[in-house]
Amino acid sequence: MNDTLTVNRLDHASSQLATASGGKPVITLAEHIVEIVSDSGEGAQRCGQSLGAIAAKMGNGVWTVEIIPAEIQPPPRSIAGASGNRVRLGSHRIDNGGDEADLVVAFNEQVLLGRVRAAELKPGCIILLESMWREHQDSKIAETYVQTHDKLAADGYRVIEIPMERECRVLVSDPRRGKNMFVLGMLMSIYSLDMRLAREQIDYAFRKKADSIVKSNIALLEAGYQWAEANLDFKYRIPATRAKEPQIVVNGNTALALGVLASGMEICAMYPITPATSASHYLSDVFEKVGGIVHQAEDEIAACAFAIGASYAGKCALTITSGPGFSLKQEALGLAVMTEVPLVVVNVQRGGPSTGQPTKAEQGDLLSACFGSHGDAPKVVMAASSIEDCFYSIITARRIAETFNMVVVVLSDSGLATSQQPFPRPRFNEAWLAPPIDQSALPTGAKPYDWDPATGIARRFVPGQPNGMHTLTGLAHDRLSHVAYDADANEEGLRYRSLKLAAVQKTLKPPPVFGAPEGDLLVIGWGSTKGAIEEAVARHQGEGRRVSSMHLRFLQPMPPGIKEVMQRFRKVMTIESNWCDRPEDPIIDETNRRYSAVAMMLRARYLVDVDCWSEVKGQSIKPGTIYRVLHAKLQEKD
Amino acid sequence: MTIHATECVMRMHDDHHDLEEYQGSIPRWCSGCGDNAILAAMQKLCRNEKLRPEKTVFVSGIGCSSRFPHYMKTYGFHGIHGRALPVAEGIKLTRPDLHVFVNTGDGDCCSIGAAHWIHAVRYNMNMTLMLHDNHVYGLTKKQASPTSPKGLRSNTTPRGAYLDPLNPLTITLGVQNVSFVAQAVDWIPEVVYDILEKAFHHKGFSFVRIIQRCPEFLPDMFDAWLHDPLRTLMLTHEKGLHLSPGLTKVYKNQKEHDPLNIDRARELASITDPIPVGILYHNPEVPRYEETRLSPHLRTPEYIQAGLESELDKFTVWPDEGPAARAAA
């Protein structure tokens, strides 16, 4: 199946050959995927991020994906310990991490094996492998290295052994630190990137370190560049077009945090949890620049309750968490729903249930986001579908929360959290900000829950407002916020809290269709899968198949127009990264199959026979995989 | 700054409040419940301190005690079980101008909310906590609480409570940043008031445990103490509790205790019979979390924009040679 994937890639038939000054032919590529993997702590991640940033500055399309081991310090030279970065470079916009890698730099053969076994490498791809292990004093290590090397070479990979550490030792006493900059230099040569930008990047990355450190890293960078120029027989160029507008290059969690800054929210209460923490780390560093405060609470429940208290008394606040923390917050979320205190909750999803896969990507929390907390607790649920969307979703969430006095859950996942992609630099808009805290006197006799009969919206009373004194309660209550002892009062509250979701829905636009408005197959997705789904769909469209896709940013309420779109396609299916039973399992049939989250919601709401396909392997679903799934679905008999 | 005489009069008018102005709905506690004494003392305190009802917030969790905010005519937040403190902290950090009080019970604070209690002491935010400690769960109809005496027969301990009770005072006094710990008993309302007044004026987290009767489920629990004034140990000090002549005559078991002496406070706190009543510890010098955290800047749109743009600058790829080059051009 892989042959279909090379259309825009290292396709020798279509690549143009040119000759560089050194006499090497330069192959022009539309795109390439490079991975840099090492033991944890050897700096492969910094190398990959720097490569991504430099390529973005040159105007390339870039998507970087962190390769993260589950432990902080896994044993060295272990298959499960691969740490590093995947960088997908293109001459066009790149919206996901792509399929198998075209080129891999590995600091040892074991972490490389980890990537081979995870099927992350393209058959026959180029491997640049640290060769020091060949002469390792421990004969076992040397032997393992040689065996692995020979096996990979026999399997058809183009393995190029490079004495990285030996070359670095010429310049620095501890080559283990700094090897990553040598590798960065090699990649600068391989991809014909601008060395001036690389020097600037190193200046920036080590800005908090001594001058001597910056200098030695630049020396290593130059050495890597020279080594590759002199010793490698290939060189690539990925044509780039500089954007006309300024772009920012950040990962999803940084984008979320920047969105918090831009939204005018002032309090973020959180408790450390992977993979949400990096958003809180960054926010802790910079929130005070806009007068904000990150409060690290004693636990997840306290973080949620703290944010509710802050919201109740002031501007809408937020709490940031991941799966297990989201579960812990459920009772408090119900309180915010019941009392109609606005609140933004960010859930950077990870693998579940329970501790699950803390560093891995999954979309398993949609149903608990929509239906979590006991009783009927209607909440707005949004999902960011790109890095850029992480930024804007927070601003939108704050506005919805404060307009409707609702809890708004923003779902991201660890795929978006740690991936980087350039997007147009946001232009600040004062309308993004929360309005000042209302301290005006309320009319005498004003009711704290004077629900509008059509929309369910009531004006929020904030402490400090004269005449507004009342006790807000998690108990069922009437318009005066008095405990509802009569039967009708409880139903009235339920009705209006629910109506608000319908009111939100009336403000939403139908989601756009990617591709033709009718056809054979409609693919529906949500969250971080957007880039991969659209890439796969585009490939089918390019091959003349009648496939379109639709991506949902709002999951609750669902925007209008979805049913109409679905009805114009012969088949509808979702692609999700949460579990659905596999129809091929012998005891699974129509009566007991558990569907993926959005498929289930679409089926329930629209009575349309929506099929689903899911993969829950802890990593972002590859466009090539989706392409094959859609292909099979198209061929399936009705 | 000068103000007009009319404004002066208006302010005086604004600041004057009658007791009724703090009275919310009619309490639904059992008659003889200790909560009533706390409510009466608190309404009186609000009036005497001229607290503006709209600037005053009572936060509670779940339990009999936690109905308290409904009976005040101020702002109130009756939340979920155990979580009154983090809600109150969020309020206080956002709005230091509000007077924040917390009402919680021995189950709400010392069991389900214990983590928040410990950390609230450490945050030392300016608020007053009233621990309504009746040694039993009332709202759920008589189960043993963490402060129930060993052997107490309840619906969940029909053959008697298995464990010794925890002591909220010694625990609080063991936490870093503790700044105010006091104990009162509901059957001496004058002292409840005096202690709450001191707690209110303390700039920090005031922890006030009020031992109170539950006439419904533990009607005789404190009879012995009620009948024998010597089983109440009055802690007095010029910086602590001052007893009225009337109380001095009745409660003859008195001890001078300097509330700054934490070692002595811990010793006194571990005495359960006689019951120590008064200010066990008071240190006005402990830093407050909200002081440490609050931004000195006005959060104007210009200020927010400047902060945001400077962050965006860090990540921006410019279409030309960058901001410096453009500025030069």
### Query
Would it be correct to say that residue B:35 is touching a Phe, Trp or Tyr at 6+ places or on another chain (Cβ under 7 Å), under 21 Å from residue B:195 (Cα atoms) and buried (at least 24 other Cβ atoms within 10 Å of the Cβ)?
yes
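Here's the yes/no breakdown for (1) among the polar types (S, T, N, Q); (2) in a loop (DSSP other than H, G, I, E, B); (3) under 15 Å from residue A:566 (Cβ atoms); (4) without any contact (Cβ under 8 Å) to a residue 24 or more places away in the chain:
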{"residue": "A:581", "(1), (2), (3), (4)": "no, yes, no, yes"}
{"residue": "A:587", "(1), (2), (3), (4)": "no, yes, no, yes"}
{"residue": "A:591", "(1), (2), (3), (4)": "yes, yes, no, yes"}
{"residue": "A:594", "(1), (2), (3), (4)": "no, yes, no, yes"}
{"residue": "A:603", "(1), (2), (3), (4)": "no, no, yes, yes"}
{"residue": "A:608", "(1), (2), (3), (4)": "no, yes, yes, no"}
{"residue": "A:611", "(1), (2), (3), (4)": "no, no, yes, no"}
{"residue": "A:620", "(1), (2), (3), (4)": "yes, yes, no, no"}
### Query
Take the residues of region A:220-240 that are more than 34 Å from the chain's Cα centre (by Cα) and small (Gly, Ala, Ser): which is surrounded by the most Cβ atoms within 10 Å (Cβ to Cβ)?
A:223
### Message
What's the total number of residues in region B:190-212 that are closer than 21 Å to residue B:56 by Cβ and not in a strand (DSSP E or B)?
### Response
13
#### Entry: Filter result (at the interface with chain B (Cβ under 7 Å from one of its Cβ atoms) and either surrounded by 24 or more Cβ atoms within 10 Å (Cβ to Cβ) or within 12 Å of residue A:333 (Cα to Cα) (or both)) within region A:298-307
A:301, A:302, A:305, A:306, A:307
## Note on the structure
Those residues of region A:150-168 which are farther than 18 Å from residue A:182 by Cα and under 34 Å from the mean Cα position of the chain (by Cα) amount to A:152, A:155, A:156, A:157, A:158, A:159
### Query
For region A:281-339, what are the residues that are over 23 Å from the mean Cα position of the chain (by Cα), more than 17 Å from residue A:379 (Cα to Cα) and charged (D, E, K, R)?
A:288, A:289, A:298, A:299, A:315
### Message
Please determine whether any residue of region A:493-510 is over 41 Å from the mean Cα position of the chain (by Cα) and either exposed (fewer than 15 other Cβ atoms within 10 Å of the Cβ) or within 14 Å of chain B (Cβ to nearest Cβ) (or both).
### Response
no
### Message
Can you say whether residue B:220 is surrounded by fewer than 23 Cβ atoms within 10 Å (Cβ to Cβ) and farther than 21 Å from residue B:146 by Cα, as far as the supplied structure shows?
### Response
no
### Task
From the list A:202, A:213, pick out the single residue that is in contact (Cβ under 8 Å) with a residue 60 or more places away in the chain and not acidic (Asp, Glu).
A:202
### Task
Quick one: residue B:205 ticks every box in (1) more than 20 Å from residue B:61 (Cβ to Cβ); (2) touching a residue at least 60 places away in the same chain (Cβ under 8 Å) except a single one, so which number is it?
(1)
### Query
Can you pull out the residues in region A:424-436 that are modelled with pLDDT of 95 or more and not acidic (Asp, Glu)?
A:424, A:425, A:426, A:427, A:428, A:429, A:431, A:432, A:433
## Note on the structure
Of (1) more than 10 Å from chain B (Cβ to nearest Cβ); (2) assigned to a loop (DSSP other than H, G, I, E, B); (3) on the phi < 0 side of the Ramachandran plot, residue A:284 fails just (2)
### Task
Starting from region B:42-53, keep only residues that are buried (at least 18 other Cβ atoms within 10 Å of the Cβ), then list their pairs with residues that are modelled with pLDDT of 95 or more and of a type in the set (Val, Ile, Thr) whose Cβ atoms are within a distance under 6 Å, requiring at least 6 positions of separation or different chains.
B:53/B:74
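Within region A:398-418, can one find any residue that is at positive phi, in a loop (DSSP other than H, G, I, E, B) and within 11 Å of chain B (Cβ to nearest Cβ)?
no
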### Residue within region B:91-99 that is among the acidic types (Asp, Glu), away from chain A (no Cβ under 14 Å) and over 13 Å from the mean Cα position of the chain (by Cα) present
no
### Query
Scanning for something in the same structural domain as residue B:174 (by TED's automatic domain parsing), under 19 Å from the mean Cα position of the chain (by Cα) and among the hydrophobic types (A, V, I, L, M, F, W, C), does region B:135-155 turn up at least one residue?
no
## Note on the structure
(1) free of Cβ contacts under 8 Å to residues at least 12 places away in the same chain; (2) within 29 Å of residue A:88 (Cα to Cα) all hold for residue A:575 apart from (1)
#### Entry: Verdict on residue B:120 being of a type in the set (A, V, I, L, M, F, W, C), within 22 Å of residue B:196 (Cα to Cα) and touching a residue at least 40 places away in the same chain (Cβ under 8 Å)
yes
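Residue-wise test of (1) at pLDDT 95 or above; (2) among the basic types (Lys, Arg); (3) within 30 Å of residue A:376 (Cβ to Cβ).
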| residue | (1), (2), (3) |
| --- | --- |
| A:525 | yes, no, yes |
| A:540 | yes, no, no |
| A:582 | yes, yes, no |
| A:598 | yes, no, yes |
| A:605 | yes, yes, yes |
| A:613 | yes, no, no |
| A:619 | no, no, no |
| A:626 | yes, no, no |
### Message
Residues that are within 12 Å of chain B (Cβ to nearest Cβ) and in contact with a Cys (Cβ under 7 Å, 6 or more places away or on another chain): does region A:433-452 have at least one?
### Response
yes
### Task
For region A:331-346, name all the residues that are within 11 Å of chain B (Cβ to nearest Cβ), assigned to a helix (DSSP H, G or I) and either touching a Lys or Arg at 6+ places or on another chain (Cβ under 8 Å) or of a type outside the set (Gly, Ala, Ser) (or both).
A:331, A:332, A:333, A:335, A:338, A:339
### Message
Among the residues of region A:113-136, are any of a type outside the set (S, T, N, Q), surrounded by fewer than 18 Cβ atoms within 10 Å (Cβ to Cβ) and closer than 20 Å to residue A:227 by Cβ?
### Response
yes
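To keep it simple, each residue is scored yes or no on (1) free of Cβ contacts under 8 Å to residues at least 40 places away in the same chain; (2) in the same structural domain as residue A:421 (by TED's automatic domain parsing); (3) surrounded by fewer than 20 Cβ atoms within 10 Å (Cβ to Cβ).
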position: A:242; (1), (2), (3): no, no, yes
position: A:252; (1), (2), (3): no, yes, no
position: A:257; (1), (2), (3): yes, yes, no
position: A:267; (1), (2), (3): no, yes, no
position: A:279; (1), (2), (3): no, yes, no
position: A:282; (1), (2), (3): yes, yes, no
position: A:295; (1), (2), (3): yes, yes, no
### Task
Would you mind telling me which numbered condition in (1) crowded, with 16+ Cβ neighbours inside 10 Å; (2) more than 16 Å from residue B:130 (Cα to Cα); (3) within 21 Å of the chain's Cα centre (by Cα) residue B:174 fails?
(1)
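Can you tell me which residue in region B:51-90 is farthest from the other protein chains (Cβ to nearest Cβ), limited to those that are in a loop (DSSP other than H, G, I, E, B) and closer than 19 Å to residue A:468 by Cβ?
So in region B:51-90, the residues in a loop (DSSP other than H, G, I, E, B) come out as B:51-52, B:61-64, B:73-74, B:79-83.
Add one more test, that the residue is closer than 19 Å to residue A:468 by Cβ, and what stays is B:51-52, B:73-74, B:79.
Numbers: B:51: 12, B:52: 8, B:73: 6, B:74: 5, B:79: 6 Å.
Only one residue tops the list, namely B:51.
The values are calculated or read from the model by the stated rules, or taken from the named source; none is laboratory data. What you are looking at is a predicted structure, and each value in this text was computed from that prediction instead of being measured. Here the Cβ is made from the backbone with ideal geometry for all residues, glycine too, and neighbour counts use every protein chain on show.
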